[in-house]
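The values are calculated or read from the model by the stated rules, or taken from the named source; none is laboratory data. The model shown is predicted, which means the values in this text are computed figures rather than measured ones. Don't worry about glycine lacking a Cβ; one is built from the backbone with ideal geometry, like all the others, and counts go over all protein chains shown. Just the protein is used for accessible areas: all its heavy atoms, side chains included, with ligands, DNA and RNA removed. Shrake-Rupley method; radii C 1.70, N 1.55, O 1.52, S 1.80 Å.
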Amino acid sequence: MARYIFITGGVVSSLGKGLASAALGALLQARGYSVRLRKLDPYLNVDPGTMSPFEHGEVFVTDDGAETDLDLGHYERFTGVPARKTDSVSSGRIYSNVLEKERRGDYLGKTIQVVPHVTNEIKEFLAIGEDEVDFMLCEIGGTVGDIEGLPFFEAIRQFAHDKPRGQCIFMHLTLLPYLAASGELKTKPTQHSVKELQSIGIAPDILVCRSEHPIPEKEREKIALFCNVRKQFVVAAYDLKSIYEAPLAYHDQGLDQAVLDAFGISPAPAPKLDMWHDVYDRIHNPEGHVKIAIVGKYTQLEDAYKSIAEALTHGGMANRVKVKIEWVDAELFDSKDAAPFLQGFHAILVPGGFGERGTEGKIKAAQFAREKQIPYLGICLGMQMAVIEAARNVAGMDKAGSEEFDHEAGGKRFEPVVYHLKEWVQGNHMVARKTDDDKGGTMRLGAYDATLVEGSKVAQIYGGTTIEERHRHRYEVDTKYRDVLEKVGLQFSGMSPDGKLPEIVEWKDHPWFIGVQFHPELKSKPFAPHPLFADFVRAAVETSRLV
Ligand code: GLN
């Protein structure tokens with residue numbers, strides 16, 4: 001049965017709990033253990049699918065089609081373990097399950113209460129797959145003391161209590177603020193936040209203290225004493241240049257050793273950290289750089305394209321270059337010449353997105369890349385825009401557009417080269433979209449296979465003709481236009497296995513122009529850069545040599 005590590009946070013938000021959890025997962029793997037990471041989010045949205053990327057950052061999609069928090073992306077990038085639907089839950093989902101059961105009469109007329117009904121639902125969630133791994137790491141979103149978080153804290157307390165002693169530990173992340181005037185690190189906020197945890201029955205075993213300055217021995221002793229934690233279990237977390245240093249940094253600070261000690265695992269298996277040393281080396285010793293533009297809509301919040309930025313970094317690591325990303329707001333040149341905004345980049349990436357705003361700019365970015373022979377990677381909406389660009393400017397279909405925008409405007413302005421997908425094959429059955437569907441959960445989501453055309457650029461990049469990638473979209477390029485577009489040189493080089501849904505397009509007479517209907521960025525890892533991103537950055541390096 002899995003040992004459980006519950007990860008909570010205090011003092012302030014954004015301390016890097018997700019990263020600490022992911023790094024710890026990687027370190028336990030390095031010691032030969034199997035791990036699974038989970039996120040429990042206190043917000044009331046049922047899932048992040050309908051949350052604005054401006055609010056919440058990107059929506060991370062799992063193979064089994066769940067729309068989850070972006071922390072699951074970190075977990076996957078650090079551990080390589082594909083996340084599942086059952087690795088992410090919110091208060092909204094828990095309450096909705098409880099209420100559904102109540103309506104069905106499952107509770108046999110009982111009064112439904114937070115304790116035990118909501119907490120039981122959370123505990124059931126925690127227990128899923130407990131026999132499958134050595135360690136289950138469960139991160140509680142938010143900060144201790146948040147009203148919404150209370151049922152989760154109560155549930156993990158009960159869960160640990162129900163298990164045999166030594167089966168669960170609690171790790172708490174806090175901040176040690178530095179007061180420049182007195183030149184001191186202050187421990188009081190940490191003490192308060194631990195008190196808050198203790199008041200709800202949780203005594204943390206390990207404290208991870210974020211600090212901008214080295215933690216003096218004296219302060220460490222003080223924290224240990226006042227927070228009732230062993231001194232060697234007070235672990236420092238200093239600021240890092242790159243998130244991928246985290247496993248090595250936490251190892252140096254003794255986090256994995258502390259965790260194994262807390263469980264009483266002795267002797268602890270020695271860690272194998274070669275892979276992380278290699279990652280470190282590639283990040284810290286680049287042999288050059290490339291400049292890549294991400295032409296998008298949510299450019300004010302970089303977390304909105306988190307996985308893309310990370311995948312580009314991985315692509316850079318594969319080529320031993322640093323990728324300098326610049327965020328370009330597509331709306332700036334919706335009705336202007338794009339050239340002044342896009343000149344000087346070694347490659348252009350147009351990411352996924354929803355809604356019409358900024359799409360004319362994205363179409364121009366695709367045109368600019370095609371005409372100037374600059375490497376272009378279009379992801380999901382970015383592929384759709386590249387197809388519309390080809391239809392309009394090369395195949396002479398002036399009115400080419402996407403039904404998505406006509407839906408919004410309630411009219412018929414465009415010839416729907418990209419249409420609203422109503423049914424598709426998943427595995428061996430048909431999925432049909434109901435027209436009266438809610439906004440949430442109506443997309444073609446999760447992993448689907450695609451078949452690549454032999455001899456195409458993508459087949460060469462992937463090194464094969466069958467791939468599996470993750471999707472999240474409602475609209476689709478219409479195969480009706482395939483012949484017209486292929487005649488002008490836009491090859492449909494990847495299709496769904498039934499040949500109905502275009503998955504990849506590429507310009508034949510262009511050094512590197514690829515549009516994909518899926519999200520390759522979700523599967524890229526620092527130790528296994530995604531082939532499309534690795535080759536895209538390679539192409540950018542080549543462009544940089546030409547200028
Ligand atoms: N809005 C487009 C669609 O639904 C693209 C989605 C995306 O880029 N993820 O098909």
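With Cα atoms as the point set, the radius of gyration and Dmax of the stretch 383-431 evaluate to 13.2, 38 Å.
Calculated on the Cα set of the stretch 125-278, radius of gyration then Dmax: 16.4, 52 Å.
Under the simplified labelling scheme, the Tyr238-Glu486 pair shows an inter-label distance of 5.9 nm, with each label point 7 Å from Cα along Cα→Cβ. Note on Lys508 and Thr86: with the Förster distance fixed at 30 Å, the Cβ-Cβ geometry gives a FRET efficiency of about 0.10. For the stretch 251-302, the carbon plus sulfur part of the accessible surface works out to 45%, probe radius 1.4 Å.
In a reduced charge model with +1 at each Lys and Arg Cβ and -1 at each Asp and Glu Cβ, the stretch 298-424 shows a dipole moment near 460 debye about its Cα centre. Take every pair of alpha-carbon atoms less than 8 Å apart whose residues are at least six positions apart; their mean separation over the length of the stretch 260-400 yields a relative contact order of 22 percent.
Within the accessible surface of the stretch 1-143, defined with a 1.4 Å probe on protein heavy atoms only, the carbon and sulfur portion equals 50 percent.
Here is the P(r) of the stretch 355-474: all C-alpha pair distances, binned every 5 Å from 0, give 2, 9, 15, 19, 19, 18, 12, 5, 1 in whole percents.
Enter the Cα centre distance for the pair the stretch 244-288 and the stretch 461-511, rounded to the nearest angstrom. Computed from Cα coordinates, the inter-centre distance equals 41 Å.
Rolling a 1.4 Å probe across all protein chains gives Val235 an accessible area of roughly 0 Å².
Across the options Trp327, Val387, Leu377, the greatest Cα extent toward the positive end of the charge dipole of the stretch 323-405 (unit charges at beta carbon of Lys, Arg, Asp, Glu) belongs to Leu377.
The alpha carbon centroids of the stretch 332-388 and the stretch 196-222 are separated by 48 Å.
Rg/Rh, computed from the Cα trace of the stretch 206-266 with Rh as the Kirkwood radius, has the value 0.98. About the centre of its Cα atoms, the stretch 69-179 shows a dipole size close to 260 debye [charges on the beta carbon of Lys, Arg (+1) and Asp, Glu (-1) only; nearest 20 debye].
The residue list Trp276, Val425, Phe159 was ranked by how far each Cα lies along the charge dipole of the chain toward its positive end, using unit charges on Cβ atoms, and Trp276 comes out on top. Using the Cβ of Val417 as centre and a radius below 12 Å, the other residues enclosed give a net charge of -4, where K and R count +1 and D and E count -1.
Placing R0 at 25 angstrom, the Cβ-Cβ distance between Glu221 and Ile265 gives a FRET efficiency of 0.50 after rounding to 0.05.
Once every DSSP H run of n ≥ 4 in the chain is given -39500 (n - 2.57) and the sum is divided by its residues, what mean residue ellipticity at 222 nm do you get, rounded to the nearest 500 deg cm²/dmol? Rounded to the nearest 500, the figure is -10500 deg cm²/dmol. Label positions at Thr466 and Glu212, each projected 7 Å from the Cα along the C-beta direction, are separated by 5.5 nm. Across the stretch 19-83, C-alpha contacts under 8 Å between residues 6 or more apart give a mean separation that, scaled by the residue count, equals a relative contact order of 38 percent.
Legend: Rg and Dmax of the chain, from Cα coordinates, 24.9, 75 Å. Normalised per residue, the accessible area of the chain is 42 Å², obtained with a 1.4 Å probe and no contribution from ligands, DNA or RNA.
In units of the rule-of-thumb radius 2.2 N^0.38 Å, the stretch 108-176 shows an alpha carbon radius of gyration of 1.23.
The stretch between Ser335 and Asp162 holds 56.0 nm of extra length on full extension. This uses 0.36 nm per residue minus the Cα-Cα distance. Magnitude of the charge dipole for the chain, about its Cα centre and with charges confined to Cβ atoms of Lys, Arg (+1) and Asp, Glu (-1), is about 600 debye. For the chain, averaging the sequence separation of C-alpha pairs within contact (under 8 Å, six or more residues apart) and dividing by the residue count gives a relative contact order of 15 percent. Spin-label model, Lys188/Ala203: points 7 Å from Cα along the beta carbon direction are separated by 2.6 nm. Of the whole protein surface, Ile202 contributes about 0 Å² of accessible area at a 1.4 Å probe radius. The C-alpha atoms of the stretch 1-86 occupy a region whose extents along the principal axes are 39, 35, 22 Å, arranged from largest to smallest.
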